[in-house]
1. Residues that are closer than 30 Å to B:PHE253 by Cβ and of a type in the set (A, V, I, L, M, F, W, C): does segment A:173-185 have at least one?
2. Can you find a residue that is within 14 Å of chain A (Cβ to nearest Cβ), surrounded by fewer than 22 Cβ atoms within 10 Å (Cβ to Cβ), farther than 30 Å from B:LYS124 by Cβ and touching a Pro at 6+ places or on another chain (Cβ under 7 Å) anywhere in segment B:140-157?
3. Give the number of residues within segment A:117-133 that are buried (at least 17 other Cβ atoms within 10 Å of the Cβ) and either within 11 Å of chain B (Cβ to nearest Cβ) or not aliphatic (A, V, I, L, M) (or both).
4. What are the residues in segment A:93-150 that are more than 22 Å from the chain's Cα centre (by Cα), small (Gly, Ala, Ser) and part of a helix (DSSP H, G or I), if any?
5. Residue check: is B:ARG313 outside the structural domain of B:LYS224 (by TED's automatic domain parsing), closer than 30 Å to B:ASP175 by Cβ, of a type outside the set (A, V, I, L, M, F, W, C) and touching a residue at least 24 places away in the same chain (Cβ under 8 Å)?
6. Of everything in segment A:95-121, what is of a type in the set (A, V, I, L, M, F, W, C) and touching a residue at least 24 places away in the same chain (Cβ under 8 Å)? Give them in sequence order.
7. Hey, among B:VAL325, B:VAL259, B:VAL318, B:VAL279, which residue is at pLDDT 95 or above and buried (at least 22 other Cβ atoms within 10 Å of the Cβ)?
8. Kindly indicate whether A:ALA50 is surrounded by 19 or more Cβ atoms within 10 Å (Cβ to Cβ), at pLDDT below 95 and among the aliphatic types (A, V, I, L, M).
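The values are calculated or read from the model by the stated rules, or taken from the named source; none is laboratory data. From a predicted model like this one, the values you see are computed outputs, not experimental measurements. FYI the Cβ positions are ideal-geometry reconstructions off the backbone, even for glycines, and counts take in every protein chain you see.
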Protein chains: 2
Amino acid sequence: MSSDKTIILITGCAGWLASLLIHTLLADPDTPNCHLILADVVQPTSPVGAPAIAFKADLTDTAEIEKLFTTEFGVPDIVYALHGIMSRGAEDNFDLGLKVNIDSVRMLLDAARHYGEAAGKLIKFIFTSSLAVYGGPLPEVVTPNTIATPESAYGMAKLASELAINEYSRRGLVDGRVLRLPTIVVRPGPPAAATSAFLSGIIREPLKGTSAVCPIGTSPTDPKLDALHTWLASPHTTVSNLVHASHIPASRFLRHTRVVCLPGFTASVRELLDALAEVAGPEALELVRFEDDAVSRKIVGSWPARFDDAYARELGFVGDEGGMVPIVRRFKEDVEAGRA
Amino acid sequence: MSSDKTIILITGCAGWLASLLIHTLLADPDTPNCHLILADVVQPTSPVGAPAIAFKADLTDTAEIEKLFTTEFGVPDIVYALHGIMSRGAEDNFDLGLKVNIDSVRMLLDAARHYGEAAGKLIKFIFTSSLAVYGGPLPEVVTPNTIATPESAYGMAKLASELAINEYSRRGLVDGRVLRLPTIVVRPGPPAAATSAFLSGIIREPLKGTSAVCPIGTSPTDPKLDALHTWLASPHTTVSNLVHASHIPASRFLRHTRVVCLPGFTASVRELLDALAEVAGPEALELVRFEDDAVSRKIVGSWPARFDDAYARELGFVGDEGGMVPIVRRFKEDVEAGRA
């Protein structure tokens, strides 16, 4: 860091993951005197009691990006590029997806490069990518050497941005760190439209006393629930890893790529439901309605569910220990405390 | 094709490979009544005796791209996107490389998509990519499932454009075909600055009676010449494959990718020199000066030299049979006929 303060720009800061990241960064002993520059397409709110400036910004506009690098806090030391059009949105609105998920990332990279150079800083550029980069036939276990051939606009854009970040890093223009996130459970907030949303919904809604739809299987005893596996991480573990990404010395990454598939664990839909029953009692399961949907089943079944995450763990990234039960327990506490 | 004529747009048409492609297309019985729209950053010349319009065009400018789709010939049936800043240029002029090798390809894709849609055509979009997409540790034999992690601005840009073409094809916006070319020997013309240029130079220059530098080894008997292998194809085979790419039904490609590594053959630098001696006599070898250069040796040694090209051959793409000797013989005939 260039001074005793840590200046951090977070784009897409209005999302729930970014909110959790902000609170974790502010409490992180290794991120001293954190000054936050926050930007989103909707006016973000600043966290209470921390130095922060919040911008409503269109990140497809160079001038608006430049504002984020010329605040009174100075040039950021770290950029968290978390903004993006999510998978369904990018698929439905192709051109907007390309603008936001590729072009604006490159504009942000260029700003980090030029303002960083002028300030004598090699800015850490931390980017959240997705398992959507994978497509086509996949091996049973995905490794760091598994080819990514996306079959969605979202996955393609994430991979294109990864390539740019790798190349900018190789040239010493930014210090990139690309994290491919597992599916996050349990996501807080209202039910989302994403195909993966049910994986959180079948836990979250019953814990809140409302019903949820499970698009896999026709009953709680359907063997389809055992057959379908997913690669998961909790929100807290994911955010810990996002913070850790800023602390890894650049020299520890492989020479030819800054991409890391974060650690996770494999669970069947059955295991998610079992964890719900264990934590909230079998009556919670009665709030799950089974409406088997072949399309959803096919999409979820196409996602890679097992990864060799040894490289990520060598870099100090962590996974959730103990599978789903502790995650569901924590979410239940959050619900009871009014935090979720 | 939408009518009895075949309208073909070729960008980067002033290059030697494009020139050879033009003549091959005009002679191709499966490409009837070929009408050529030719564009390059320098004013191109039209081939004699064929319907052709030639444009000096800046392909990073949307307006200039649109001109190519609104000629009196009509909307192209096929686009050959051959323009680009070559590897050394893209490395030395990073921003221009991104503009030409990524942004202008996407602009060209968008033009093909929109003008194609308006004309009721799914335009075939044929793109030449490169082995420069590969980097990092590679297996002994590269397969269609080998991950590409570029370590150059050129390779990164080619891969980013590949991703866009795959996605535009998946969405039915264009009908893309991406060809990763082997190193082409023997390239005609004056010596080039590319690191790979010597592979042609050590054949071409002696055949023309002038001297060439071989940056591998210190003498004709240096074992380094045997140790260094490359993946090669002749100009004529490469151009045959470029034409063939326009004839393959879309349904024959793998569902998740339009990328094809073209067939080739593996030869050591020694085998190139042996072919020269066999065709032009051992005295031709005396025109090769050995100036061992560790940097060149390292770069060439990092290129993949062996491919499993079964998929490409299934699609009907061809390789050179008989290795280097027939290629050198043909080039010698071209030199003697004043064609090279």
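1. Among the residues of segment A:173-185, at least one is closer than 30 Å to B:PHE253 by Cβ and of a type in the set (A, V, I, L, M, F, W, C), which makes the answer yes.
2. no
3. Total satisfying the criteria: 8.
4. A:ALA111, A:GLY116, A:ALA118, A:ALA119, listed by residue number.
5. Judged against the criteria, B:ARG313 is a match.
6. Across segment A:95-121, the qualifying residues are A:LEU98, A:VAL100, A:ILE102, A:VAL105, A:MET107, A:LEU108, A:LEU109, A:ALA111, A:ALA112, A:ALA118, A:ALA119.
7. Result: B:VAL259 is the single residue among B:VAL325, B:VAL259, B:VAL318, B:VAL279 that is at pLDDT 95 or above and buried (at least 22 other Cβ atoms within 10 Å of the Cβ).
8. No, not satisfied.
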